[in-house]
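Data block below; observations after.
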Amino acid sequence: MANGNHIIQLFESFAPKHLAVEGDKIGLQIGSLDKEVRKVMVTLDVLEPVVDEAIEHEIDLIIAHHPPIFSPLGQVNDRSAAGRIVMKCVKHDIAVYVAHTNLDVCAGGVNDWMSDALGLIETSVLIPTYEEPMYKLAVFVPKTHEAVVSEALARAGAGHIGDYRDCQFKVDGIGQFKPLDHADPYLGQVGKTETVEEVKIETIMTESQKKHVLRAMKQAHPYEEVAHDVIRDEIAGPVHGLGRIGRLASPLTLEQFALHVKSSFGVEGVRVVGEPGRMIEKVAVLGGDGNKYVSAAHFKGADAYVTGDLYFHVAHDAMAFGLAVVDPGHHVESVMKQGVVDVLRQRFNQAKLDVELIVSMTNTNPFRFQ
């Protein structure tokens, strides 16, 4: 069985907290992670019916995209929905963890899932918010374990530079050490100086990969004390940010593209700004409320912008820019439910954790078309 803290560590290796927009309400909001977790449920929103669903399925941990506690609560009682949510979770020992803008921003997260649903290709970040620091790792390995450690580093994600992966540099040499009285050496004897043929392996890793890579290195290395260096590198790291911009494999009219958006996200309808016959090829996407970034989509050369919660006057701004907008609603971010389950299932399998993953089936979309 898995501990809640271990599960969140695995999840945060995918969507690190430091990628979140400043002031965002993320992390553990209700309950404790210091417990055994058998069942995890993933949801877009934590509404009272979602908590009832979690209780029915005997869920130990809810991972959500939208925070149930966004503003301070004046009181916690059964007279408000927010109070009942907290009380039910505490009573049934259900922890609630939130990944909001960090899940939007991270590579392979919400905005990439939305881009994939639309079939966009050659995508890049729409609004850069963070350039990830890079580190050079150098580790000294006995010749006998070169392949094992080298493979472990690559499997943990180290060595990814541009369009190349598993990049490493290796130098042969002679290592020297003397085990002290309380040592338990893999090679040599206590009190005697030992020399051994070793290989220095150098590779590169990002800030978010660092803990995972170092853990993999130490697990694969035979020595009791692993000699290694971690040095901040000036090489440009991956750029993370809100939204994505890419292009359609084949241009569509705005009328065709609006139907494509509707079908891709399985919504009842979409709101559209722009002339139905204009051609759409370059598309910007931003999950949730994207009103602030209409000008960014325009300046990046998008023909159309797919986002939710479009304001009346912002739609006028888009018209003035000559930018088409398709609004499928905020709820299309629900693509994150299956996306997070797929990510966690892969990580649980790698870590050999026996944890059941459940996609919440409760519909939390407040809108319907008459």
*asked:* Let me check something: with ligands and nucleic acids excluded, how do F169, F265, F11, F140 order by accessible area (1.4 Å probe), largest to smallest?
replied: F169, F140, F265, F11
_For G287, distant residues with modelled amide H under 5 Å away_ = G243
*Check Y186: other-chain or 5+ apart residues with amide H under 5 Å from its amide H, H built from backbone geometry?*
E224
_Straight-line reach only, C-alpha to C-alpha below 13 angstrom: list the aspartates and glutamates that K211 could link to, leaving out same-chain residues fewer than 8 apart._
E12
_the range 46-114 versus the range 120-171: alpha-carbon centroid distance in Å_ = 34
_Which of the three applies to the chain, rounded, prolate or oblate, going by the alpha-carbon gyration tensor with a ≥ b ≥ c and a/c under 1.5 meaning rounded?_
oblate
*Around A227, which amide H atoms from residues at least 5 apart in sequence, or from another chain, sit under 5 Å from its own amide H, with H modelled in the peptide plane?*
F140
*What relative contact order, as a whole-number percentage, does the chain give when Cα pairs under 8 Å and 6 or more residues apart are counted?*
20
*Give me the aspartates and glutamates in straight-line cross-link reach of K292: C-alpha distance below 15 Å, same-chain residues under 8 apart excluded.*
D309, D317, D327
_the chain - charge dipole about Cα centre, Lys and Arg +1 at Cβ, Asp and Glu -1, debye rounded to 20_ = 220
*Which of the peptides 149-160, 99-110, 246-257 is most tightly packed, and how do the rest follow, judged by the mean count of other Cβ atoms within 10 Å per residue?*
99-110, 149-160, 246-257
*Under unit Cβ charges (Lys, Arg +1; Asp, Glu -1), what dipole magnitude, rounded to 20 debye, does the range 1-110 have relative to its Cα centre?*
160
*Using Cα-only point scatterers and the Debye equation, what is log10 of I(q)/I(0) for the range 31-142 at each q in 0.12, 0.24 Å⁻¹, rounded to two decimals?*
-0.61, -1.28
*Hey, if you put +1 on the Cβ of every Lys and Arg and -1 on every Asp and Glu Cβ in the chain, which of A320, G290, G301 ends up farthest toward the positive end of that dipole?*
A320
*asked:* Can you give me the C-alpha center-to-center distance between the range 187-223 and the range 267-282, rounded to a whole angstrom?
replied: 55
*Is the shape of the range 94-175 best called rounded, prolate or oblate, per the rule: a/c under 1.5 gives rounded, else a/b larger than b/c gives prolate, else oblate, with a ≥ b ≥ c the square roots of the Cα gyration tensor eigenvalues?*
prolate
_Relative frequency of Cα-Cα separations exceeding 18 Å in the range 170-300, percent_ = 73
*Over 32 Å between C-alpha atoms is what I'm after, so list which of K91/K352; K25/K300; K39/K200; K25/K170; K35/K200; K35/K262 land there.*
K39/K200; K25/K170; K35/K200; K35/K262
*Counting only DSSP beta bridges with both residues in the chain, what percent are antiparallel, rounded to the nearest 5?*
70
*For the range 215-370, which whole percent of the accessible surface, found with a 1.4 angstrom probe, sits on carbon and sulfur atoms?*
52
*Looking at the range 1-106, which trypsin sites (Lys or Arg not before Pro) are in a loop (DSSP not H, G, I, E or B) and have at most 12 other Cβ atoms within 10 Å?*
R79
*Along the charge dipole of the range 225-358, Cβ charges K/R +1 and D/E -1, which of V332, V226, Q256 sits furthest on the positive end?*
Q256
*Which value, in Å² rounded to 10, gives the accessible area of S263 with a 1.4 Å probe and all protein chains present?*
90
_Stokes-Einstein D for the range 15-59, Kirkwood Rh over Cα pairs, 4 °C, 1.567 mPa s (µm²/s)_ = 102
_Whichever aspartates and glutamates have a C-alpha closer than 20 Å to that of K136, once near sequence neighbours (fewer than 8 apart) are set aside_ = E146, E151, D163, D166, D172, E198, E202, E207, E225, D229, D233, E234
_Size of electric dipole in the range 266-370: Cβ of Lys, Arg +1 and of Asp, Glu -1, about Cα centre, debye, nearest 20_ = 220
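The values are calculated or read from the model by the stated rules, or taken from the named source; none is laboratory data. All values derive from a computational prediction rather than experimental measurement. When we count neighbours, we look across all protein chains shown, and the Cβ atoms used for this are built from the backbone with ideal geometry, even at glycine. These area figures cover heavy atoms from the full protein model, side chains too; ligands, DNA and RNA do not enter into them. Shrake-Rupley method; radii C 1.70, N 1.55, O 1.52, S 1.80 Å.
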